[in-house]
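The values are calculated or read from the model by the stated rules, or taken from the named source; none is laboratory data. Computed from a prediction, not measured in an experiment: that's the story for all the values here. When we count neighbours, we look across all protein chains shown, and the Cβ atoms used for this are built from the backbone with ideal geometry, even at glycine. Keep in mind that these areas ignore ligands, DNA and RNA; they rest on the heavy atoms of the full protein, side chains included. Shrake-Rupley method; radii C 1.70, N 1.55, O 1.52, S 1.80 Å.
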Amino acid sequence: MIAFVAAALAFQTSVSIGVGKKPKADSTKRDSAQVARDSARAARRDSIRDHWDSVRAARANRPPRRDSVTPALLASAFRSAAAGSLLGRARMARLEQDSTLTSYDATSYTRISAGLGFKKLARDRLIFRHENVARVRWQRGKGAWIDVKGSRSIVPGVPSANAQVDGAYAIPYYPGNDAIWVGAGIVKREVDDREIVHPLAEGAEAYYQYTVGDSITFHLPDGKEIRLVELEVTARRPRWNLIVGSFWFDAASAQLVRAAYRLSTPMDIVQVAKEAQKDDPDGDDDDIPRWLRPMQANIKGMTVEYGLHQGRWWLPRVQRAQGEVQVSFMRSPVTLENSFKYASVNGIDTLPTFPRAERDSLAPGDSAARDSTRRRRRSNTIDDGDAHINVGSQNEGTLRVVTRTPKDSAKLANAPELPASIYDAGDDLFGKAEAERLMKELDFGLQANWAPQPPTLHYGLGEGLLRYNRVEGLSAGASVEQEFGRGYAGRALLRLGTADLRPNGEIGITRGNGRRTLGLIAFRRLGVANDWGDPLAFGPSLSAFLFARDEGVYYRTWGAEATGTFDLGSTLTMRLFAERQGDARVETQFSLAKVINDVRFLPNIDATGGDVAGAALRLQSSRGLDPHGFRLLSDLRAEGGVGELQYARGAFDATLSHGLGRRLDGALTLSAGTSAGTVPTQRLWYLGGSQTIRGQTIGAAAGDAFWMARAELGTSMVALRPVVFYDVGWAGSRSLWSHPGRPISGAGVGLSIMDGLLRFDLAKGIRPDKGVRADFYLEARF
């Protein structure tokens, strides 16, 4: 796998999760069939490892590929002579080894977290986390000795999962490691553009431009003065393996002190796989099914910070990487965090005697031997009574590593060196506040240069361009996207419904920096009046086609909008718009339910036609990761318009969930909204359906004001959680707020899968509809 993917998806490449019964302490009690199954699985894992070891060895031995640094490129690489001088000194310092640093004794903390969701903006959901703490002792010429103090993993909802993470113990420093924490972590002298192009490697001038930025001077307690100088790095073009970043160096030694950087543009995994296939026919297969597309990976930000020891040696203190992977309509945020605390540097302590192993005698350049011994990795484990000692190596076999892991997994999981709970934020331990300050340096001004890239065409189900509803029927679309540089990207979309035969589309340009995105778009689209859910997404479209269950409230609109999305810990979205709104009629009654049982779609609203200009604001926040702990999901939104349609409206939703004893969890949703002016039909509040009052049809209650409450009680089994619920709400004229009359309501039972990622409900209407409804949907509150 390409180096970036290995970094962004560390949990996928290093985590092995087996679900079943917990392993017994005495392995001799397992029956022979289980032993055979375990042996077969081990053989398959070894076969896969052998294959990828061979592939990695072949790739490691191939010559680097890079563009030539022409005189013109060299002349334009530096905005000043100072930038060229600083790069040259930093490049030399990167390759030099300070022989006066002979040893250290450190505590190393590592955390790997991954989430999963189907919506771009949804509740934070943790699907995997691993964290460990180890004492790491390193001595020059001897290697690193790792004593594992604590280690635990969690797959919420799968309490019997036996989750293990191999080789995830971070070593702060060893000769040959890369201070900037790019790619595989090994210093390479020259650029190889098959991987992330290192900004300090020889030949990087063909890919980057350099500018000297700010400087900082501070004084140590002994009176020594330290001056830091910033080197800003910008990519010459927007490409997945080029970065933009801010790097601070010690002016005296040119050693890296801190850095913040990100990819210049997200990585299109499909396109990268195709490029790799041309260069390496024996490499990764690029035959990725269309329904799995788009496939993108993006490092939104990486930060590293060093601390000065004894006034001489800069050693890493915290490292943090944040990214996101998208596969079709699934999104997985990934975070990797390392933290180091030093007990001594160049102390007098000596390392234990290293056990002998066949791989220890490898010559640094003997890649064939290294490949062979990797296949015998499992045999280099020694039973030390109460612990396993693994003898291995890193840095292409040049660093000997001994890892001692106690056998008592319960003791490791409850080690006092670990945070109190695996769900703890760990902000202080992993320096989140400092990382956020560094990330602010990656503003809109730090972008790849203007260099338009070839456009890409997207179509099909996996691209989110195929949908079904009672207005358009089957609506298929295609889009063309293009990266321009300076953070700008363009997109054009065209779609046509088989029922209404009215073309819709949009064309626009956006500018982003990984944490903020601004856009300007002209559009003609089918608008959605719903304030909850997404009726045009894949799940609701499938429900409409199969069961004639279309919970969308639609109107037509065309115009222009300016948008903004900001990651502030919470997600803030803003929209300024000028548009023409009009009616959208039901154009089809076709569905599978219609064919089988003559079930028909409900009528749509009669939208109020008119021109309107206005603004909309939405603030969404998710707090808490523990499925049995305190969690809060909130949504605040406001909107107003002037013109032929003049109105203002606002609402607030909050869902609070918490454990109720050891076996039960509960959730309560409270929501209310009101308005001002004459609210058009398409901007009223509509209650009913799976997202509001279950057991009632969409629009069972509607008005310019509303309130709603949903109470749910379920077991503590997060993977498959049976739930009972009761929903009640009212919508009508705001003048009736104080005496609304009888509200609508419904109750029922449900099944929440993977902490609400998937949800099935069977609801009985109480008032006014007393029928029974079954709903299946994605991204439930509970």
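So how much slack lies between Leu542 and Ala676, counting 0.36 nm per residue of separation and subtracting their Cα-Cα distance, in nm?
44.6 nm
Measure out, as a whole number of angstrom, how far apart the alpha-carbon centroids of segment 531-557 and segment 483-503 sit.
20
Work out the charge dipole of segment 562-613 with +1 on the Cβ of Lys and Arg and -1 on the Cβ of Asp and Glu about the Cα centre, then indicate which of Thr563, Val595, Gly582 is farthest towards its positive end.
Ranked along the dipole, the leading option is Val595.
For segment 106-116, just list the computed ³J(HN,Hα) in residue order, Karplus coefficients 6.51, -1.76 and 1.60, θ = phi - 60°, integers in Hz, with x standing in for Gly and Pro.
Rounded to whole hertz, the list is 9, 9, 10, 10, 9, 9, 10, 10, 9, x, 8.
Along the charge dipole of the chain, Cβ charges K/R +1 and D/E -1, which of Ser621, Ser68, Val272 sits furthest on the positive end?
So the residue we want is Ser621.
Treat each spin label as a single point 7 Å out from the Cα along the C-beta direction, and report the Val327 to Leu602 distance in nm.
In this crude label model, Val327 to Leu602 measures out at 3.6 nm.
Might you report the magnitude of the Cβ-based charge dipole of the chain about its Cα centre, with Lys and Arg at +1 and Asp and Glu at -1, to the nearest 20 debye? It would help to have the intermediate numbers written out before the result.
Working: 103 positive and 89 negative charges, 251 e Å.
Approximately 1200 debye in magnitude.
In the neighborhood of Phe340, defined by Cβ-to-Cβ distances under 12 Å, what is the net charge if each Lys or Arg adds +1 and each Asp or Glu adds -1? Before the final figure, lay out the partial values.
Values: positive: Arg135, Arg317, Lys341; negative: Asp105, Glu305, Glu337.
Summing Lys/Arg as +1 and Asp/Glu as -1 gives 0.
In Å², what does the accessible area per residue of the chain work out to with a 1.4 Å probe?
Result: 45 Å² per residue.
For segment 495-615, give the magnitude of the charge dipole about the Cα centre (Cβ charges: +1 Lys/Arg, -1 Asp/Glu; no others), in debye to the nearest 20.
Dipole about the Cα centre, nearest 20: 340 debye.
Against the longest principal axis of the chain, how steep is helix 269-279, in degrees 0 to 90 to the nearest 10, with axes from Cα atoms?
40
Which of Asn177, Gly477, Ala719 sits farthest toward the positive end of the charge dipole of the chain, with +1 on the Cβ of Lys and Arg and -1 on the Cβ of Asp and Glu?
So the residue furthest toward the plus end is Ala719.
Mean 1/r over all different Cα pairs, inverted: what Kirkwood radius does the chain give, in Å?
Radius from the Kirkwood sum: 29.3 Å.
Measure nothing fancy, just the Cα-based angle from helix 81-95's long axis to the longest principal axis of the chain, in degrees from 0 to 90, nearest 10.
It is inclined by approximately 70 degrees.
Check Leu465: other-chain or 5+ apart residues with amide H under 5 Å from its amide H, H built from backbone geometry?
Here Gly460 satisfy the definition.
So who's got an amide H within less than 5 Å of the one on Ile196, skipping anything under 5 residues away but keeping other chains? H placed 1.01 Å off N, in plane.
Correct list: Ala3, Phe4.
Per DSSP H run of n ≥ 4, the term is -39500 (n - 2.57); total these for the chain, divide by its residue number, and report the mean residue ellipticity at 222 nm rounded to 500 deg cm²/dmol.
-4000 deg cm²/dmol
Bin all alpha-carbon pair distances of segment 474-553 at 10 Å intervals from 0 and give each bin's fraction as a whole percent.
16, 36, 33, 14, 1
Quick one: net charge of Gly695's neighbours, Cβ under 12 Å, K/R +1, D/E -1?
Computed value for this residue: +2.
List the trypsin sites (Lys or Arg not before Pro) within segment 638-733 that fall in a DSSP loop (any state other than H, G, I, E or B) and whose Cβ has at most 15 other Cβ atoms within 10 Å. Intermediate values should be presented prior to the final figure.
Working: sites: Arg649, Arg662, Arg663, Arg683, Arg694, Arg710; in loops: Arg662, Arg663, Arg694.
In loop regions of segment 638-733 (DSSP not H, G, I, E or B), the sparsely surrounded trypsin sites (Lys or Arg not before Pro) are Arg662, Arg663.
Taking the Cα centroid of segment 706-730 and of segment 67-120, what is the distance between the two, rounded to the nearest whole Å?
With segment 706-730 and segment 67-120 each reduced to a Cα centre, they are spaced 50 Å.
Using alpha carbons only, how many degrees (0 to 90, rounded to 10) separate the axis of helix 538-547 from the longest principal axis of the chain?
Tilt of helix 538-547: around 40 degrees.
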